[in-house]
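Q: Starting off with a structure, shown below.
The values are calculated or read from the model by the stated rules, or taken from the named source; none is laboratory data. As the structure is a prediction and not an experimental result, all values here were calculated from the model. As a convention, Cβ positions derive from the backbone with ideal geometry for all residues, glycine included, and neighbour counts pool all protein chains shown.
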Amino acid sequence: MRDTELFTQYLIRLRQERLQNGHAAALNATSQRDFVHVVARAHEAELVSRILAALKDLEKDPGEFIRKNLST
């Protein structure tokens, strides 16, 4: 298995973990203040999704990845 495939699998599992943690935090919330943690887990999952998408773009076309993500 290629290194990027392994990293992709790691990111997928990390995203799932963040979503599950957010769900658990929502179920265990006792006040509105507890939902800050739910929102934080959702933001973390979204960030992992963005990284995963960028990794897929990098695998498809490194030049396009550079143009899209690294050009100033």
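Q: Evaluate the stretch 19-30: report whether one residue or more is at pLDDT below 95, over 24 Å from residue 71 (Cβ atoms), of a type outside the set (Lys, Arg) and not in a helix (DSSP H, G or I).
A: yes
Q: Determine, yes or no, whether residue 48 is of a type in the set (A, V, I, L, M, F, W, C), in a helix (DSSP H, G or I) and closer than 27 Å to residue 71 by Cβ.
A: yes
Q: Still on this model: Which of the residues that make up the stretch 51-72 are of a type in the set (Val, Ile, Thr) and part of a helix (DSSP H, G or I)?
A: Within the stretch 51-72, 51, 66 qualify.
Q: Here is a check on your reading of the model: is residue 38 of a type outside the set (S, T, N, Q), in a helix (DSSP H, G or I) and farther than 23 Å from residue 61 by Cβ?
A: Answer is yes for this residue.
Q: Give the residue, chosen from 28, 69, that is touching a residue at least 12 places away in the same chain (Cβ under 8 Å) and surrounded by fewer than 12 Cβ atoms within 10 Å (Cβ to Cβ).
A: Just one listed residue meets the conditions, 69.
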